[in-house]
Structure formats: C-alpha cells, structure tokens
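Structure record follows, encoded as structure tokens.
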Amino acid sequence: MTETDTATSASAYARVRYRLLLIRLGASAGFLSALQLTGWSHAIARWWSARAANDPLIILGYLAAVGPLYYLAMFPLHAYSSFVIEHRFGLSRMTLTRWGIRELKQIGLSLLLGTALVEGFYALLRVTPEHWPLWATAGWVGISIVLTRVFPTVVLPLFYKTTPLQNAALTQRLLALAQRAGLPALGVFRFDLGAETRKANAALAGLGKTRRILLSDTLLSGFPPDEIEGVLAHELAHHRYHHLVLMLALSAIGSWLALSLTKIVGARAVVLAGLQGLSDIAGYPLFMLWLSLLTFVSSPLPQGLSRQFEWQADRFAVAHTQPPHAFAGALRRLAQLNLADPNPPRWIVWLFYDHPPIADRIRAAEALALTSRE
C-alpha cells in the first residue's frame, strides 16, 4: 500500500470512527434518559426494595437488571465498532470466537470493578451525606493508584500473554535508557498483540517495584531498535515529568468540583425526579447523565493539557533517541499501522484528542531532529 493509499484509508477510517463516537454518545444518553423518564428505573428499584434485605442488596439487584439491558441496547453498535469496522480496514486479526472470549473477559472485569465502585459510592451517600464529595474523590484517587500498580501483574495477563524479552541487546539498551531517565524498571516484557491486531504499542506500566517496560510483538517485529527506543523514550517522559500524577491531580480536583456541584443541585433534582434522595438507586440513570454532561462540557481542559504533555514527551524522545530522527520515523510507522487520521477536524481535536494530530507531531519531531544535528 502506497503512502497516498494509507492516508486515504486513514481518513476514511477516521470519519467512520468519529460518526460512531457521536452515535455512541447519543445512544447512551438516549438509553439512560428512557430508563429514567419512562419510570423503568423506579420500577426496578422498587421491585428490589420489596425483596432485598438491605441497601447493598437492592443496589446489586438493580445493577443486575439494568446492566444487561444497557449492554444489549449498545451491543449492535459496540460489535460493529470493535469488530466489523476493524476488520473492514484490515486492523483486526481476531476471529469471532477470540473476540467473544475477549468480550467475556472485559464484561467480567467491568462487572467486578463497576459494581464495587457503585456500591462504594452509594454507601458514602448513605453514611456521610454532608461530606460524600470529598470522600468519593479520595476513594477514586486511591483506586486509580491501586489499578496503576496492579495493571501489569494482574490486569494485563488476563488479556495478553506476557513474557520477558529474549533480545538481550535490546533489553539492555532500553533498561539503560530507563536508568538514565531516572526510572529504573524491573525488566522488559513482550506482550502478544499481533494475534489480535496489526497495531503496535509500548508502555511503561506499574509503579515502584512493579514498573516494567512493555513492548508489543508487533512493535518488536516491525520497528528497528532505534525507533523502539524513541517510542519508549516518549513513554518514559510521561513518568519523568510526572504527567500521570498531574493528570490524576487534575482529575481529583475536577471530580471534587463536579460532585460538589452535584450535591448542590441534587436537592432540587431529587424532588423533580420523584426520588427519596441522592442515595435512591432509582436515580442512577439521571446521575450518570448528569456526570456525562459535566465530563463532556469540561473535557477540553484535560484534553488540552494532555496534548501539551504529549508535546513535552515528544521533545524528550527526540533528545534521548539515537539518532534523533528515529523518533519521527517511529511516529510515521505508527501512523501507518494504526491508520491515524493525518488531518482531523479541529473541533474533534479540541473535544476528544488527548494527543496532537499525528501529522503535526511528525513535522515537529523532524524539525527538532534537524535542529539537534546543527
């Protein structure tokens, strides 16, 4: 496939993804609105209230009823987006059976985490009705830190086979880079992504003693060592400059503000919705709609900050990759493999992109590489 053909396919793929994103947002909002406005949410909550012995069981029963309904309502769109479109553009290599198995794993993990989060949140509403925004924010930060720490050892192996990298020279090169960046890693590990997709990826996952370098088999097979080093240097920069901590802090502040605003307007909302209080699980769809609206309205701020962090990481990658132009080569290769949109609409970037457009990043990396050679 020529570079022109790749750019044409990338633009077509991006247009489809943008449409699906907007449709998914509308479909999700429509389902939650229907659940609340038709009285189904009240009916389900009242049915379980008459049969369950306590609030946690009522919430568990409610989620057991509403969760499958939501999944089934969104399933056609989800299957079309994650399976049909990915195959149509040659990005996915998954059989239907493998996709189904992965889907079951994701459902199981989502059920476990989602149920725990909802139960914990509503417990806070009941136990500390005056100060729940603060405690909910603290809980969210704590869970985020725990998940980051256990991701490489608990979550990732559920979906990908992970093994130590056998290439001793590349392993030493990447560990040395991490050491120079002040981020010593436990080791370099390969995870098998190629059975599912042609896309390539790398990450520095975990915290402290669990920190490790993760490289997809597609990256290892399709990229030369200097470009792999450039990709890792970019990931190291996020940790070196504490981008993850800063984004978590911003998320914590945003969550506290959103939940505090929810507490203020909640008294009025529960009356209009016929709820017994914020802790009434019958108002769950309304609560999710409200949080989705707040997230959408406020998204340009964290997305914009994330794009600035990506620029900083790109500059670090060029400065710490030998030769410097290798990082631009890695970006170009990633763009071709992943069918990244070279020229996304600015409003799409503003609302949904946490990375700058790939064409802009390539041009900037090439310019930096030229400057470093002068």
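The values are calculated or read from the model by the stated rules, or taken from the named source; none is laboratory data. Note that this is a predicted model, so its numbers are computed, not measured. Reconstructed Cβ throughout: ideal geometry from the backbone, glycine too, with neighbour counts over all protein chains shown.
Brief remarks follow.
- Taking first residues from region 62-85 that are under 26 Å from Glu119 (Cα atoms) and partners that are β-branched (Val, Ile, Thr) and part of a helix (DSSP H, G or I), the Cβ contacts under 7 Å between residues at least 6 apart in sequence or on separate chains come to Tyr62/Ile44; Tyr62/Ile281; Leu63/Thr115; Leu63/Val118; Ala65/Ile44; Val66/Ile44.
This table checks each residue for (1) free of Cβ contacts under 8 Å to residues at least 60 places away in the same chain; (2) in contact with a helix residue (DSSP H, G or I) (Cβ under 7 Å, 6 or more places away or on another chain).
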| site | (1), (2) |
| --- | --- |
| Pro133 | no, yes |
| Thr137 | no, yes |
| Gly142 | yes, no |
| Pro157 | yes, no |
| Gln166 | yes, no |
| Thr171 | yes, no |
| Gln179 | yes, no |
| Leu183 | yes, yes |
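- Failed condition for Met94, given (1) crowded, with 17+ Cβ neighbours inside 10 Å; (2) hydrophobic (A, V, I, L, M, F, W, C); (3) more than 22 Å from Leu112 (Cα to Cα); (4) at pLDDT 95 or above: (4)
- Residue in region 319-326 that is at pLDDT below 95 and in contact with a Gly (Cβ under 6 Å, 6 or more places away or on another chain) present: yes
- Selection within region 215-233: residues that are among the aliphatic types (A, V, I, L, M) and under 17 Å from Leu337 (Cβ atoms). The member of this set that is surrounded by the most Cβ atoms within 10 Å (Cβ to Cβ) is Leu232.
- Put simply, of His243, His238, His355 the only residue that is buried (at least 17 other Cβ atoms within 10 Å of the Cβ) and touching a strand residue (DSSP E or B) at 6+ places or on another chain (Cβ under 8 Å) is His238.
- Residue check for Asn201: under 29 Å from Phe89 (Cβ atoms) and out of contact with any Phe, Trp or Tyr (no Cβ under 7 Å at 6 or more places or on another chain): yes
- Some residue of region 151-159 being farther than 28 Å from Trp99 by Cα and either out of contact with any Pro (no Cβ under 8 Å at 6 or more places or on another chain) or surrounded by fewer than 17 Cβ atoms within 10 Å (Cβ to Cβ) (or both): no
- Meets criteria (in contact with a Pro (Cβ under 7 Å, 6 or more places away or on another chain), crowded, with 19+ Cβ neighbours inside 10 Å, touching a residue at least 24 places away in the same chain (Cβ under 8 Å) and among the small types (Gly, Ala, Ser)) for Gly206: yes
- Test: residue in region 234-242 that is in a helix (DSSP H, G or I), among the aliphatic types (A, V, I, L, M) and farther than 28 Å from Ala45 by Cβ: yes
- Scope region 297-343; condition among the charged types (D, E, K, R) and farther than 19 Å from Ala233 by Cβ; matching residues: Asp341
- Note on region 269-300: residues that are part of a helix (DSSP H, G or I) and free of Cβ contacts under 8 Å to residues at least 40 places away in the same chain amount to 11.
- Selection within region 332-351 - of a type in the set (A, V, I, L, M, F, W, C) and either at pLDDT 95 or above or not in a helix (DSSP H, G or I) (or both): Leu339, Ala340
- Number of residues in region 321-360 that are charged (D, E, K, R) and either under 22 Å from the mean Cα position of the chain (by Cα) or farther than 22 Å from Arg198 by Cα (or both) equals 4.
- Considering region 198-211, the residues that are over 15 Å from Arg333 (Cβ atoms) and touching a strand residue (DSSP E or B) at 6+ places or on another chain (Cβ under 8 Å) include one that is modelled with the lowest pLDDT, namely Gly206.
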